[in-house]
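The structure under discussion is supplied below as structure tokens; questions concerning it will follow.
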Amino acid sequence: MCSRNIKISVVLFLVLIPIFAALPHNHNLSKRSNFFDLECKGIFNKTMFFRLDRICEDCYQLFRETSIHRLCKANCFVHETFGDCLKVLLIDDEEISQLQHYLKVINGSPYPFHKPIYH
């Protein structure tokens with residue numbers, strides 16, 4: 001009876017190890033992969049990347065349009081949709097300046113979006 005339990009345990013162990021190995025280990029790794037998938041050419045900075053990514057996530061939550069989500073992130077956040085999202089999310093000038101710095105770091109060059117004009 002005992003040897004049967006040991007055999008079952010070994011089989012379960014051998015079956016479960018590959019399953020657990022295939023699971024994502026680190027959320028940062030997936031974000032870093034996303035950084036390269038978006039063709040970002042600068043330096044990966046988790047805090048900066050998450051903040052830029054959050055702009056696109058919030059914009060998507062507002063409109064529930066997958067094309068907005070995709071275009072917002074296009075070319076590492078260098079698409080007019082990202083600037084449009086800043087406008088609709090009412091991001092203030094101070095934060096826009098900070099986001100421009102973030103984009104410069106992760107893209108390796110300045111981002112030419114315009115500050116929103118509120119009426």
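No value in this document is a laboratory result; all are computed from the given coordinates. Keep in mind that this is a model prediction, so the values were computed, not measured.
So for region 34-119, what are the equivalent ellipsoid semi-axes in whole Å, largest first, each being the square root of 5 times an eigenvalue of the Cα gyration tensor?
For region 34-119, the ellipsoid semi-axes come out as 19, 16, 10 Å.
If you don't mind, another one. Report the number of Lys pairs in region 34-119 whose alpha-carbons are under 17 Å apart, with separation of 8 or more residues or on distinct chains.
8
Can you list the HN-Hα couplings for region 36-50, worked out from phi with the Karplus curve (6.51, -1.76, 1.60; θ = phi - 60°), rounded to whole Hz and with x for Gly and Pro?
The phi angles translate into 6, 4, 7, 6, 6, 10, x, 9, 6, 10, 4, 4, 5, 5, 4 Hz.
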